[in-house]
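The values are calculated or read from the model by the stated rules, or taken from the named source; none is laboratory data. These figures come from a predicted structure and were not determined experimentally. Every residue, glycine among them, receives a Cβ derived from its backbone with ideal geometry; neighbour counts consider all protein chains shown. Calculation scope for accessible area: heavy atoms of the full protein, side chains included, ligands and nucleic acids excluded. Shrake-Rupley method; radii C 1.70, N 1.55, O 1.52, S 1.80 Å.
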Amino acid sequence: MLAYLARRLGYYVVLLLVAVCLSYALAATALQPRAYFEARQPPPRPAAVQAQLSALGIDDHTPLYDRFGHWAAHAVRGDLGRTIDDTSVNDEFGRRVGVSLRLLIVGTAAGTVAGILAGAWTAVRQYRLSDRLVTLTSFLLLSTPVFLLAVLLKIGAIRLNQALGTDFIQFTGEKTPGLQGGWTAHAKDRAVHLLLPSLSIGLITLATYSRYQRSTMLDVLGSDYLRTARAKGLTRRKALLRHGLRTALIPMSTFFSYNFLAVFTGAIFTEAIFGWHGMGEWLVASIGKDDVNSVVAVSTFAAVVVLLSGFVADLLHAALDPRVRHS
């Protein structure tokens, strides 16, 4: 198993290097930082623009491989460069990465677990009313764009607060500015602010996983080994949990790694709608400013998150399938 995981980790390191190179090449060729400076009023002197671009390492008159070499030499030492406003990319990255990870981890974990349980449950209760209701709800969620779902949740929270005459459900920002109190009060405040953004991500994740899990579970229910387990004396419940669900989870572990990029894309809209100052908001702002180094930093973060999810999927696959552990 260790040899298998080591090989997979090596593949992911290579993929990360390729992703970083492509991200820098695309950002450096598609964005125009010179135009950002020249559009200022009053227009700066060309020599001043050239000096600023050279200082930031994003001079478009310099060959691309030289710019990338300059950036990579600093990146391997932990320096992601300067933003187009001449502030530290590392500092901005550090302020925002925790915000996005908190949102992604909570929303994805809750949606994945709930989706797997819902899919397995509806497969066992195929064509019953509960199965049809979950199916209808899932298709409604899947046909709703993430940004629209977030707006609907926001409107619902406003209506609920008005009906209850309270501001219990908070939906702007990740915390209440100037909040007084101990760590318990701050933790509760952050949890309340996290509710709707996580729900917008979790509901889409739940709907997606429930459909795939139902399909894989239905394939397992008619298998010979499940009937054999029942014939050996296992109850239906134990046979489904020990043999049926475990086998049905194997293809879901692979799907997890491919689906995580879609979750990150949805989080970009979620952060903008709910006022979370995370990596998604930073990416949108950086593209608008033609900020090459910041865009590359966010792209690198996205690549690391997706590849880590792929590695977690490999761990789950190895844990669920003994053939992988002994390969």
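Before we move on, is ILE169 at pLDDT 85 or above and more than 20 Å from the chain's Cα centre (by Cα)? For ILE169, the condition - at pLDDT 85 or above and more than 20 Å from the chain's Cα centre (by Cα) - is not met.
Residue by residue, here is whether (1) among the charged types (D, E, K, R); (2) open to solvent by less than 40 Å² (accessible area, probe 1.4 Å) holds:
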position: ALA3; (1), (2): no, no
position: ALA27; (1), (2): no, yes
position: ALA30; (1), (2): no, no
position: ALA35; (1), (2): no, no
position: ALA55; (1), (2): no, no
position: ASP59; (1), (2): yes, yes
position: ALA72; (1), (2): no, yes
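Checked against (1) surrounded by fewer than 18 Cβ atoms within 10 Å (Cβ to Cβ); (2) modelled with pLDDT of 80 or more, ALA319 passes all but condition (2).
The residue pairs whose first member lies in the range 67-86 and is assigned by the TED database to the domain that holds ALA28, whose second member is surrounded by fewer than 11 Cβ atoms within 10 Å (Cβ to Cβ) and in a loop (DSSP other than H, G, I, E, B), and whose beta carbons are closer than 7 Å, counting only pairs six or more residues apart or on different chains, do not exist in this structure. TRP71 meets the conditions (1) in contact with a helix residue (DSSP H, G or I) (Cβ under 7 Å, 6 or more places away or on another chain); (2) modelled with pLDDT under 90; (3) not small (Gly, Ala, Ser) in every case but one. The failed one is (2). Can you find, within the range 87-100, the residue that is surrounded by the most Cβ atoms within 10 Å (Cβ to Cβ) among those that are out of contact with any strand residue (DSSP E or B) (no Cβ under 7 Å at 6 or more places or on another chain) and free of Cβ contacts under 8 Å to residues at least 60 places away in the same chain? Once the filter is applied, the top-ranked residue is ASN90. Could you list, in sequence order, the residues of the range 284-310 that are within 22 Å of THR108 (Cα to Cα), open to solvent by 30 Å² or more (accessible area, probe 1.4 Å) and at pLDDT 90 or above? SER299, THR300, listed by residue number.
For the range 114-136: of the residues being under 26 Å from the mean Cα position of the chain (by Cα) and over 18 Å from ASP219 (Cα atoms), which is surrounded by the most Cβ atoms within 10 Å (Cβ to Cβ)? For the range 114-136, the residue satisfying everything is VAL134. Of the residues making up the range 40-53, those that are part of a loop (DSSP other than H, G, I, E, B) and either surrounded by 11 or more Cβ atoms within 10 Å (Cβ to Cβ) or in contact (Cβ under 8 Å) with a residue 24 or more places away in the chain (or both) are PRO43, PRO44. The number of residues in the range 54-69 being assigned to a helix (DSSP H, G or I) and on the phi > 0 side of the Ramachandran plot comes to 0.
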